Amino acid sequence: MGLAERLVVHRTLTECSPTLVDQVVGAVVDQVPTYRKLSDTQLREVTAIAQWAVTRLSEMWVDGTRLTARDISRFRGIGATRATDGRPLLAVLRAYRVAAATITDAIAEHAPPGLTVADLAALVRALVDALDDLSEALASGYQHKAAELVTDRNRLIDELLQDLLAGRQTSPGALADRTEQLNVRVPATFGLLLAVGGPAGPDPYPPLAAALTESSAVDTDHRPADLATGALLTTVRAGARVLLLPAGHDRAAIEAAVTEGGWRACSIDGTAPATLPQDYRVAAAALEHAPAEAFTRRLVLDRGDALTVAVLHGAPPVDRAALHAAVFGPVLTPAHAHLLEGLRAYLTHGSAIEAATAVGLHPQTMRHRLRRLTELTGRSPTHSWDRLVLAVAHASLPTRR
């Protein structure tokens, strides 16, 4: 075979390498869309790799060798760097194929008359072997680094959530910086769900998070989420799965998912980064200390349930206005004062008939008031736990003079 002719081609390529390198980089940028978005620093790196390829590939063709262990190690490092900067692996591999084709065209252009078919076959083998070796090295380095990055990112997201729950490093500016870096979204207001129990296993809670992610409960563009995957923001703290939910989540869907999985849960609406630590403590205490009868009608306690448990348990501290709003809601308006009057009579006398007699109403009118109270609060004074929640909240209302 024409070793002398190959050397001629090699020397020619070396002499015109600046022009050829520009052609290689130009072809890559033109044919691989991802490379059109690279920064100047990244393009200089591509240029340096192209310079290496022009020289090294022709050397391997001349002496019949393959990439060395040092070359392979270098490409593993390049693959890891591509994973770090987020360049897709398929785009990276295509860029090398485009570069190899451009270099092949240049060799054909500068081939002297004495170059044989065997020489060209050797060139093809050298290019195929080089692409095979460097593709494997690139993929190995890329995949290993990508796995590390996923693990690190998940850890950093978990640390963010733990800090939010504890009230650490959550000033608006710091939170904005961290969420931008991690590509996650924490809205100004959102829901908080704590869940315990469920199926046995080392970590039984991912099915709950998956069920809620896929359900109508979180069908919103403004949900707290890992924007890279669309998954809800979730972590585990003190043995409970903690999930951040959209502010407008569908409570019925939440209850259905919790019930289907066999969990017990507490859902707190209208929380925010600044109030999340207190809301978390209230929800956690509710799941730990709520009596069994609190779960007989539903497996998801709400803010009113949780604040009532806190009052009965003595911790954490409870703001009375928050308790009243959580339990009574619209019933606190002057237009519904008669409902609170009916509740007070019912709690005092224990039956609709006796309560009606005490306030001078027909029993049917009293029953109507109690039904209306149930419609507005979601709590029935005839159910033991609901009656206790209503009684605790009512007893702490300001005394009317």
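The values are calculated or read from the model by the stated rules, or taken from the named source; none is laboratory data. Everything numeric in this text was worked out from a predicted model, so none of it was measured. Cβ atoms come from the backbone with ideal geometry, glycine included; neighbour counts cover every protein chain shown. For accessibility, only protein heavy atoms count, side chains too; no ligands or nucleic acids. Shrake-Rupley method; radii C 1.70, N 1.55, O 1.52, S 1.80 Å.
Some points to look at:
- Asp158 meets the conditions (1) at pLDDT 90 or above; (2) surrounded by fewer than 18 Cβ atoms within 10 Å (Cβ to Cβ); (3) out of contact with any Ser or Thr (no Cβ under 6 Å at 6 or more places or on another chain) in every case but one. The failed one is (3).
- Evaluation of Ala146 against (1) surrounded by fewer than 17 Cβ atoms within 10 Å (Cβ to Cβ); (2) hydrophobic (A, V, I, L, M, F, W, C); (3) farther than 26 Å from Ala306 by Cβ; (4) touching a residue at least 24 places away in the same chain (Cβ under 8 Å) (one fails), failing number: (1)
- Checked against (1) of a type in the set (Gly, Ala, Ser); (2) within 24 Å of Arg298 (Cα to Cα); (3) open to solvent by 40 Å² or more (accessible area, probe 1.4 Å); (4) free of Cβ contacts under 8 Å to residues at least 12 places away in the same chain, Ala321 passes all but condition (2).
- Residue list for region 76-100, filter: closer than 19 Å to Asp129 by Cα and open to solvent by 40 Å² or more (accessible area, probe 1.4 Å): Arg76, Leu90, Arg94, Arg97
Let's see how each residue does on (1) open to solvent by 20 Å² or more (accessible area, probe 1.4 Å); (2) more than 19 Å from Thr399 (Cβ to Cβ):
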site	(1), (2)
Gly314	yes, yes
Pro334	yes, no
Ala337	yes, no
Ala345	no, no
Ser351	yes, yes
Thr357	yes, yes
Arg372	yes, yes
Leu376	yes, yes
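- Unmet criterion (only one of (1) among the aliphatic types (A, V, I, L, M); (2) buried (at least 17 other Cβ atoms within 10 Å of the Cβ); (3) over 28 Å from Val62 (Cβ atoms)) for Ala137: (3)
- Selected residue (only one of His349, His324 is modelled with pLDDT of 95 or more and under 18 Å from Arg387 (Cα atoms)): His324
- Scanning region 354-401 for residues that are of a type in the set (Lys, Arg), within 44 Å of the chain's Cα centre (by Cα) and in a loop (DSSP other than H, G, I, E, B) yields a single hit, Arg379.
- Scanning region 8-46 for residues that are outside any helix (DSSP H, G or I), modelled with pLDDT under 90 and either among the hydrophobic types (A, V, I, L, M, F, W, C) or surrounded by 12 or more Cβ atoms within 10 Å (Cβ to Cβ) (or both) yields a total of 2.
- Region 239-281 - residue that is β-branched (Val, Ile, Thr) and modelled with pLDDT of 90 or more and, of those, farthest from Val311 (Cα to Cα): Val242
- Filter result for Ala315 (more than 27 Å from Thr179 (Cβ to Cβ) and at pLDDT 95 or above): no
- All of Thr296, Thr333 fail the test of being β-branched (Val, Ile, Thr), at pLDDT below 95 and over 27 Å from Ala238 (Cβ atoms), apart from Thr333.
- For region 83-110, the tally of residues that are modelled with pLDDT under 90, in a helix (DSSP H, G or I) and of a type in the set (D, E, K, R) stands at 3.
- Any chance Gln51 is part of a helix (DSSP H, G or I), under 19 Å from Leu138 (Cβ atoms) and open to solvent by 60 Å² or more (accessible area, probe 1.4 Å): yes
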